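This report concerns only the one structure given below.
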Amino acid sequence: MSGFKTRNGTMKHTNRAVTTALAIVLGAGVFTHAFAAENNPDATINIGSLYEPQNLDNTAGAGQGINEAFNGNVYEALFRLDDDGSVQPALSKEFTASEDGLTYTFKLQPGVTFHSGAPLTSKDVKFSIERVAAPESKSSRKNSLKTIAGIETPDDETVVIKLSSRSISLPYNLSYVWIVNDEATDLQAKEDGTGPYALEDWRRGSSLAIKRFDKYWGEKPKNGEVVFQYFTEATALNNALLTGSVDVITSVQSPDSLAQFKDNPEFTVSEGKSTTKLLLAYNDRVAPFDNVKVRKALARAIDDEKLLKAVWGDYGTLIGSFVPPTDPWYVDLTKVDAYNPESAKELLKEAGYPDGFTFTIDTPNYDPHPIAAQFIQSELAKVGVKVNINIITANEWYTKIYKAHDFQATLQEHVNHRDIVFYGNPDFYWGYNNPQVVDLIKQAEASATTDEQTAKLTEANKIIAEDAASNWFYLYPQIVVSKKSVGGYSLNGLNSQFFAYDITKAE
């Protein structure tokens, strides 16, 4: 709703025909990886996922599945967000910023071509940025580009971006802007990127295949083809790995199934760092959710720890705000509006709802949303609040909730890294509008130093939590399971990206 020489949370294998055991130290732990065959540079990597794209254009409401399959694989940006959260140069070879922070000049990598054969030029970059920032764009990140006052292309290799105010996060924000050919058409069903893979085939409802692009300007992928196979529920996904239909699962969604992999020497189970948050988002524009006491009451009425245990067992992390521990402005806010049903009843009484009220939760139809909705329904009934559950598809969610704002409350997972900025946009789907927060987030972006930015966003985070702007339940665990013969994949899954080019397969 986003490779490299080395990556935190990434394992690299050497080609040897003897049995090798590698102890890999990752950000989240240590595991041993063993194989007894030579890596095949032309191997097909079969990846299992629950997140099929709605279309192929990340400015057209394609969902998180398009980021998983295309980001860094098919499309590239001026910068890339590495698996450890750092911003690294990609199509931008180098850049300079003026002393006042209002002019950025980028030099492009030489010799880059699109999959169609057209050369990359500065006009493509200008077109791509303006496309994301356009009024009709459905990119959740377009608001972060609003300080761009103009883009100049003095020559084919140079892009000059003029800002109306400082934007300390500009390189970071540009990592979300895929560079597309300015002559490309129908990007919802086709692609024309510069990445190490080109689209080979997309069978809606089934699979998406990408094939190594032999004219890629950078380091070639360590495999020949990648096929994303899509499933609608976790059990079928797990069975596909057990039976050999897929080689790796990008993020396990059924914790009960982990034992069958952990206890099996044929598989590797690894845990990374997640930025995926499950939350109950209210439409803060409408009653009763425009009342902060109501929102705080609902937060106190739901036992987040019990919900996490019910869905994920011993995995996952409780959070008290929209900000995960991997963001620099993280503060432990889990004690704000902690579970307290009696206090919840008192707050409802103070808000004018002594007998509770009735509302509807629109929830996507895939796990764990329906289960979580039923849990919330049961918890809120204990304080006199009746919940109706309306199960909808991902497409319906986008049209009804994200676009039309036609809802009272909705369950959703947000996968993005550093996305507290969404609470600084009153036009975002949940309609939260605290002028102090809007101003803090604006000031943070105009900061001259990262310390100043961090201080502003930390303050904003605390206010948003005290306002109970939404109800944040937990961070998903990031668990990747693969065949023992497969390695080189990213672990942390920031923004649902899953870099494929370093994945190796011994055959």
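The values are calculated or read from the model by the stated rules, or taken from the named source; none is laboratory data. Quantities reported herein were computed from a predicted structural model and do not represent experimental measurements. Neighbour counts are summed over all protein chains in view; Cβ atoms, including those assigned to glycine, are modelled from backbone coordinates with ideal geometry. SASA here: full protein model, heavy atoms, side chains in, ligands and nucleic acids out. Shrake-Rupley method; radii C 1.70, N 1.55, O 1.52, S 1.80 Å.
Of note:
- Hey, S321 of a type outside the set (A, V, I, L, M, F, W, C) and within 16 Å of K277 (Cα to Cα) or not: yes
- The C-beta contact set for the stretch 429-444 (first residue on the phi < 0 side of the Ramachandran plot, second residue of a type in the set (D, E) and open to solvent by 30 Å² or more (accessible area, probe 1.4 Å), distance under 7 angstrom, 6+ apart or interchain) comprises N434/D467; L440/E459.
- Hits in the stretch 485-507 - residues which are charged (D, E, K, R) and either in contact with a Pro (Cβ under 7 Å, 6 or more places away or on another chain) or assigned to a strand (DSSP E or B) (or both): K505
- Set side by side, the residues D362, D327, D355 differ, and just one is open to solvent by less than 10 Å² (accessible area, probe 1.4 Å) and either farther than 25 Å from L308 by Cα or touching a His at 6+ places or on another chain (Cβ under 8 Å) (or both), which is D327.
- Candidate set from the stretch 98-141 (those that are closer than 22 Å to D186 by Cβ, among the hydroxyl-bearing types (S, T, Y) and touching a Phe, Trp or Tyr at 6+ places or on another chain (Cβ under 8 Å)); member that is most open to solvent (accessible area, probe 1.4 Å): T113
- Taking the criterion of being of a type in the set (G, A, S) and in contact with a helix residue (DSSP H, G or I) (Cβ under 7 Å, 6 or more places away or on another chain), the residues of the stretch 348-383 that qualify are A351, G356, A372.
- Pair list, Cβ under 6 Å, 6 or more apart: the stretch 67-96 residue open to solvent by 10 Å² or more (accessible area, probe 1.4 Å), other residue among the acidic types (D, E): Q88/D82
- Of residues in the stretch 447-463 being surrounded by fewer than 18 Cβ atoms within 10 Å (Cβ to Cβ) and of a type in the set (A, V, I, L, M), the one farthest from D256 (Cα to Cα): A448
- Scanning the stretch 464-480 for residues that are open to solvent by 30 Å² or more (accessible area, probe 1.4 Å) and either at positive phi or assigned to a helix (DSSP H, G or I) (or both) turns up just one, E466.
- Here V294 fulfils each of the conditions (1) within 30 Å of Y353 (Cβ to Cβ); (2) surrounded by fewer than 19 Cβ atoms within 10 Å (Cβ to Cβ); (3) more than 23 Å from the chain's Cα centre (by Cα) apart from (2).
- Of everything in the stretch 225-249 that is open to solvent by 10 Å² or more (accessible area, probe 1.4 Å) and part of a loop (DSSP other than H, G, I, E, B), the residue that is farthest from F79 (Cα to Cα) is T243.
- Single match in T358, T326 (criterion: more than 29 Å from I391 (Cβ to Cβ) and of a type outside the set (D, E)): T326
- Verdict on N461 being assigned to a strand (DSSP E or B) and farther than 30 Å from A43 by Cβ: no
- Some residue of the stretch 423-434 being part of a strand (DSSP E or B) and not hydrophobic (A, V, I, L, M, F, W, C): no
- V438 meets each of the listed conditions (1) open to solvent by 30 Å² or more (accessible area, probe 1.4 Å); (2) hydrophobic (A, V, I, L, M, F, W, C); (3) assigned to a loop (DSSP other than H, G, I, E, B) apart from (3).
- Which listed residue, of V160, V112, V180, V87, is among the hydrophobic types (A, V, I, L, M, F, W, C) and touching a Gly at 6+ places or on another chain (Cβ under 8 Å): V180
- Counted as qualifying within the stretch 32-145 are the strands (runs of 3 or more DSSP E) with 1 or more residues that are at pLDDT 95 or above, under 30 Å from V481 (Cα atoms) and touching a Lys or Arg at 6+ places or on another chain (Cβ under 7 Å), namely 44-49.
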